[in-house]
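Here is the structure we will look at.
The values are calculated or read from the model by the stated rules, or taken from the named source; none is laboratory data. None of the values given here were measured: they were computed from a predicted structure. FYI the Cβ positions are ideal-geometry reconstructions off the backbone, even for glycines, and counts take in every protein chain you see.
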Amino acid sequence: MSKKITLTIDGREITAPEGEKLLWVALDNDIYIPNLCAVKEIDPPQASCRLCFVEVEGYREPVTACNLAVTEGMVVKTRSPAVDRLVKTAFELLLSDHRLKCSECPKNRSCELQKIAKERRLKLRLTRFRPLVKDLPIDDSPDTFAFDPTRCVLCGRCVWEDHEVAGVGAIGFSRRGIDRRVTTFGDTSLADSPCIECGFCVEVCPVGALSFKE
Amino acid sequence: MGQASTELYEKIKAAATEKITALKQKPVVLVGMATCGKAAGAEKVREAFKKEIESHGLEAQVIDVGCMGHCYAEPLAIIAKPGHTPLCYGYVDEELAKRLVIDFLVNDDPCYEFAMVALETNDVFPTFSDFPRGVYEQKMILEHCGFIDPEDIDHYIDKDGYAALAKILTLEPEEVLEEVKSANLRGRGGAGFPAGTKWEACRKQKEPVKYVICNGDEGDPGAFMDRSILESNPHQVIEGLIISAYAIGATEGYFYIRAEYPQAIRTIRTALEQAREKGFLGKSILGSDFDFEIKVFQGSGAFVCGEGSALVSSMEGKMGIPRPRPPRLTTSGFRGKPTVVNNVKTFCYVPLIMKNGADWFKSTGTPGSPGTAVFTLVGKITNSGLVEVPMGTTLRQLIYDVGEGIPDEKEFKAVQIGGPSGGCLPESALDVPIDFDSLEEAGAMMGSGGLVVLNEDDCMVGIARYFLEFVQKESCGKCTFCRLGTKHMLEILNDITQGKEKDLASLDLLRELAEDIKAGSLCNLGKTAPNPVLTTLRYFWDEYIVHITEGRCPALMCKDLIVYYIAPELCSKLCNVCVGSCPTEAIYTREDGLKAIDQEKCVKCDNCLKTCPPQYNAVIKLSPPEMLKEKEGGSAK
Ligand SMILES: Cc1cc2nc3c(=O)[nH]c(=O)nc-3n(C[C@H](O)[C@H](O)[C@H](O)COP(=O)(O)O)c2cc1C
Ligand code: SF4
């Protein structure tokens, strides 16, 4: 498996195990590519947040780095006008569905959205779109944490932790289209679900949707 | 050992032919009983035929057949009486059925006045090829649809059905693969990916367990060609599936058919049973060492489940949600095994290609897109229905010659082609040849073959909004661009069609978003969703502008931008029909006896306009609504 290959990212020559996904190769080498839904163990990757676009020589259009396996001689650029345009739109779209009150948010300063904004010089407010934020109640029924669906970016990391790491199965994606969200089975409160409050989900939440109390 | 299959087949064929020949010695009535026929009342017609035949003690058979493609004239019946040319009758009702039995079957009068077309060349009555539609139509995969009994495998065998299977069993799988590759058969489910290339990628996988799946999800609103084929000639699809399995080295096959198609599911199940009995399916097919089984899976119905990876995921019992590629399904598909997913129509071509050769196939159509294209022609078109034309036929020929143009002396405006995420092409694009690449270049796509004709009464902004709303609702919601982007686009379009958008910059945002959704979405639903908007922006820009700057809908279709008005100079004081037709009592009689509309109460249901007698045509629509002031001011003087 671990045959080594060499590729170039932003002009830097990098060796990596053949077949490893480009996103992880870049991140492991301190080259930042925006991402929210990436979990190394999920195979095939979800590829749902659409933030990790890069340019790869030989591809006409930007491609997502999370599901592209690196190959010998691959030449990658993490920035280009086309990449920046897609990332900007995806980012703004996510913000349009996200309750944007950073000062009131438990994750203020440790939020992935803020990190992306800083790295890519994007604004943390809506410039082109109107807000679509839904009127959903916060579920603070667990003793140790709370879930605010209006801050959720649907990255699915919590669902993965719950299913595959904790092995509980308390939460999952429900509904379709614009109504897609993370809920318990049957839409009960977390306290009424099989949730054991292990807190794994809270630890992986990149934004302020899941947060420990206090 | 290989030759054994052809010998076995010859025996089966001889028995079938004998049976069908015997059948033809007596009169036969074929009634179109596909879903389209049934919807038009074919069941009653069939019973009327049966009853009348019985009451006269005739030795005539009534057989259910599928769809011939002339859906506008359903119910359809074909009568074949020895000594006469077989004739097809359209718009048959119980009355006509009785009459045909008495006049034609009992006596010898074929009732030409009711006949639509003859099925064999003769001196008296025209055949399909004598009509303009027949000149352009070339039936490859629809050839037998509507003419054979889908419930009886012998009808198909009599038409050389399964001969291709018997033949390929004497070849090496690689030879079959080469033939399909050399035919350049492109997938008919939308994207036009070469089937041979896909099969080869799957065949190359070392994994011994491989699957082949027939995609019969057909979620496009208004499209029904796959259903029609499954109901009318199931064995052609099954034979194609078996041959592909042989070429790929697949061990098991599936039909994925949406649960809303119960008749198609039943027909396929019966057909599979019969194919098994004849030895075309199961262990040692036709005496060879090739084993293959096919099962039926009922789809859950969501539009996105037609997307290959979502389809596979829903078959595994998971949510029908697309996943990113790579890996391709041919590497890791159903249950993680190499899998080929092809459309119903794609499989249909396979037996024909194997029987007649790749060169025969390539002699029809264009070099880049050989073969034929199957369309459901609907909308503002004279002859709606299922048509099959050679690739390369122009849209103009399809609409004006095959479909016989736009009814009611209305003017053509656009053709929406490729399903809900296809594009809208204007008059100036009508000479575009129908093939995968030309359509894509024009901003539309072949899609799965839905074709909606639009006329002067259709508002292109409204149409774009309509299709976008469909895909927005059908988005699975997994990825950012499609889930949120289509919603924002829809909001902009809602504002434009409701007169709330006054800023032309919204059109730039609409286009930017459309382009980004196209480039950034995870699956083809999102990647193609903006097509109706992008093509209408490209070809019908003026209509958008007028909506925004003048608050006017030129087609008078956007409800919020029109008002209904009764022109005093046209209204007859003596007539009252409009008053009665209005559900909200918005119409009142003025002091001078003329009718007028209370705009506060009017819900714009269009009833008064429809019911106002044609000699007056006094109800008119005004856009923008401000025109009302002018009119009323004028008439008061
Ligand atoms: C949203 C969506 C819906 C689709 N629906 C269908 C369908 O109903 N039938 C179909 O054959 N292909 C459908 N496709 C295309 C399939 O993904 C796949 O390309 C096709 O079945 C492959 O067969 P082909 O190569 O024979 O066309 C759909 C694709 C998308 C993105
Ligand atoms: S493009 Fe739409 S339908 Fe396809 S995965 Fe994304 S959200 Fe789902």
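Remarks
- Just one of (1) in a helix (DSSP H, G or I); (2) farther than 25 Å from B:SER384 by Cα fails for B:ASP226. It is (2).
- Which listed residue, of B:VAL135, B:VAL117, is out of contact with any Asp or Glu (no Cβ under 6 Å at 6 or more places or on another chain), buried (at least 16 other Cβ atoms within 10 Å of the Cβ) and outside the structural domain of B:VAL389 (by TED's automatic domain parsing): B:VAL117
- Take the conditions (1) buried (at least 23 other Cβ atoms within 10 Å of the Cβ); (2) away from ligand 1 (no atom under 14 Å from the Cβ); (3) farther than 25 Å from B:GLY365 by Cβ; B:TYR211 misses just one of them, which is (2).
- In region B:324-337, residue nearest to the other protein chains (Cβ to nearest Cβ) [restricted to those that are surrounded by 15 or more Cβ atoms within 10 Å (Cβ to Cβ) and more than 12 Å from ligand 1 (Cβ to nearest atom)]: B:PRO324
- Every residue from region A:41-56 that is in a loop (DSSP other than H, G, I, E, B), within 16 Å of B:PRO326 (Cβ to Cβ) and either charged (D, E, K, R) or more than 7 Å from chain B (Cβ to nearest Cβ) (or both): A:ILE42, A:ASP43, A:GLN46, A:CYS52
- The single condition among (1) modelled with pLDDT of 95 or more; (2) within 16 Å of ligand 1 (Cβ to nearest atom); (3) among the small types (Gly, Ala, Ser) that B:GLY189 does not satisfy is (1).
- If you go through region B:197-223 and pick out every residue that is out of contact with any helix residue (DSSP H, G or I) (no Cβ under 7 Å at 6 or more places or on another chain) and part of a loop (DSSP other than H, G, I, E, B), you end up with 9.
- Taking region B:308-364 and the helices (runs of 4 or more DSSP H) fully enclosed by it, the elements with 3 or more residues that are over 28 Å from B:GLN138 (Cα atoms) and within 16 Å of ligand 2 (Cβ to nearest atom) are at B:308-315.
- Restricting B:GLY57, B:GLY90, B:GLY83, B:GLY69 to residues that are at positive phi and buried (at least 18 other Cβ atoms within 10 Å of the Cβ) narrows the list to B:GLY69.
- Evaluation of B:THR35 against the conditions (1) in contact (Cβ under 8 Å) with a residue 60 or more places away in the chain; (2) touching a Leu at 6+ places or on another chain (Cβ under 9 Å) shows that the sole unmet condition is (2).
- In the condition set (1) assigned by TED's automatic domain parsing to the domain that holds B:ILE496; (2) exposed (fewer than 12 other Cβ atoms within 10 Å of the Cβ), B:TRP541 is compliant with all but (2).
- Where B:PRO530 falls short, out of the listed (1) within 16 Å of ligand 2 (Cβ to nearest atom); (2) touching an Asp or Glu at 6+ places or on another chain (Cβ under 9 Å); (3) farther than 21 Å from A:LEU51 by Cα: (3)
- Counting residues in region B:255-271 that are in contact with a strand residue (DSSP E or B) (Cβ under 6 Å, 6 or more places away or on another chain), closer than 20 Å to B:ASP154 by Cα, surrounded by 23 or more Cβ atoms within 10 Å (Cβ to Cβ) and of a type outside the set (Lys, Arg) gives one or more.
- Answer from B:GLY320, B:GLY385, B:GLY301 - the residue that is farther than 26 Å from B:THR170 by Cα, within 14 Å of another protein chain (Cβ to nearest Cβ), modelled with pLDDT under 95 and surrounded by 22 or more Cβ atoms within 10 Å (Cβ to Cβ): B:GLY320
- Some residue of region B:220-230 being in contact with a Pro (Cβ under 9 Å, 6 or more places away or on another chain) and at pLDDT 95 or above: yes
- Residue ranges of strands (runs of 3 or more DSSP E) in region B:1-99 with at least 1 members touching an Asp or Glu at 6+ places or on another chain (Cβ under 8 Å): B:28-32, B:61-65
- Just one of the listed residues (A:PRO131, A:PRO106, A:PRO81) is away from chain B (no Cβ under 11 Å) and free of Cβ contacts under 8 Å to residues at least 60 places away in the same chain, namely A:PRO81.
- Only residues that are farther than 30 Å from B:THR170 by Cβ, in contact (Cβ under 8 Å) with a residue 40 or more places away in the chain and surrounded by 17 or more Cβ atoms within 10 Å (Cβ to Cβ) were counted in region B:9-32, giving 6.
- Pairs with Cβ under 6 Å, 6+ apart, first in region B:207-228 and away from chain A (no Cβ under 14 Å) and farther than 16 Å from B:LEU241 by Cβ, second more than 7 Å from ligand 1 (Cβ to nearest atom) and β-branched (Val, Ile, Thr): B:VAL209/B:THR251; B:GLY222/B:VAL378; B:ALA223/B:THR376; B:PHE224/B:THR376; B:MET225/B:VAL374; B:MET225/B:THR376
- Residue in region B:443-465 that is without any contact (Cβ under 8 Å) to a residue 12 or more places away in the chain and surrounded by fewer than 22 Cβ atoms within 10 Å (Cβ to Cβ) present: no
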